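One structure below.
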Amino acid sequence: MGEFIQTNDLRAVTAVGFSQGAPFALALAGHGLVRAVAIVSGQDELTHPCMTPLLHPEVAGMVRAVREDPAGFERSFSQMATPEGLWQLILGMGSQRDQAIYASETFAEAFRRALQEGLAQGPQGHARDLVNALGPWPLALEQITVPVDLWYGALDSTVHSVHSPNFGATLAERLPHASHTVDPQEGGSILWTRARDILTRLKAHLAAASA
């Protein structure tokens, strides 16, 4: 195994963090494990002081619940985190642009299958990730030295969304090497509608680093 790792040096690694995957992708960047990161419709650190006035009361209540009783919140969320429940939540929170994408037969079938597979071993892992994402992040965004591409859709206007374009603006202020793209024609589903552009820009960072 040691020889395999030596001959397959994984230095040219990038990561994409979608929605509440943002803190996990940024953690990889903060520990120097990736060369560049794309945050797509990404959540900001909701416990940061700058976020308090931006939070919808429903989201603020979730953040408060995690702070006061993380284990209890995790148990409660685990009870409702079914593939069907999450699918209905995603549909209900999406903008008109997003709902048009999600409602297409091919996309809906693939996305619902992904939810089934992702929760095949139970909802506990997803619930724990949610608790970690809604709590304080154990990294200083201001010290991340790799490029971070922020991608948001301006049509993602759901007021209680945790991946509002407003959060892209706050992340851009805290990240020293961030590019910030807000597409006026897209919503939160920009991960799928502009996937080629997102990945192409990530690849360009690797080329620039090796030049």
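Annotation: amide H of E186 within the under-5 Å range of A154, L155, sequence separation 5 or more or interchain, hydrogens built in the peptide plane. Phi angles of the range 121-131 translate, via the Karplus equation with coefficients 6.51, -1.76, 1.60 and θ = phi - 60°, into HN-Hα couplings of 9, x, x, 4, x, 5, 5, 5, 4, 5, 4 Hz per residue; Gly and Pro are given as x. Computed from phi, the 3J(HN,Hα) profile of the range 164-174 under the Karplus parametrisation 6.51, -1.76, 1.60 (θ = phi - 60°) reads 4, x, 4, 6, x, 5, 6, 5, 4, 6, 8 Hz, with x in place of Gly and Pro.
With an a/c value of 1.5 or above and a/b not larger than b/c for the gyration tensor axes a ≥ b ≥ c computed over the alpha-carbon atoms, the range 112-160 is described as oblate. Taking θ as phi - 60° and the Karplus parameters 6.51, -1.76 and 1.60, the scalar couplings of the range 175-180 work out to 8, x, 10, 10, 10, 10 Hz in sequence order, x denoting glycine and proline. Around the amide H of T181, modelled in the peptide plane, lie the amide H atoms of L150, W151, Y152, all under 5 Å away and 5 or more residues distant in sequence or on another chain. Quick one: Cα centre-to-centre distance for the range 76-145 and the range 13-50, in angstrom? So the two Cα centres are separated by 16 Å. Under the shape rule built on the C-alpha gyration tensor, where the axes satisfy a ≥ b ≥ c, the range 12-148 is oblate, since a/c reaches at least 1.5 while a/b does not exceed b/c. The shape of the range 73-207 comes out oblate: with a ≥ b ≥ c from the C-alpha gyration tensor, a/c is at least 1.5 while a/b does not beat b/c.
Using a probe radius of 1.4 Å on heavy atoms only, what accessible surface per residue do you get for the chain? Whole Å² is fine.
Details: 11520 Å² over 211 residues.
For the chain, the per-residue accessible area is 55 Å².
What percentage of the solvent-accessible surface of the chain, computed with a 1.4 Å probe over protein heavy atoms, is contributed by carbon and sulfur atoms? Within the chain, the accessible surface is 55 percent carbon and sulfur.
The values are calculated or read from the model by the stated rules, or taken from the named source; none is laboratory data. Just so it is clear, the structure is predicted and the values come from calculations on it, not from any experiment. For accessibility, only protein heavy atoms count, side chains too; no ligands or nucleic acids. Shrake-Rupley method; radii C 1.70, N 1.55, O 1.52, S 1.80 Å.
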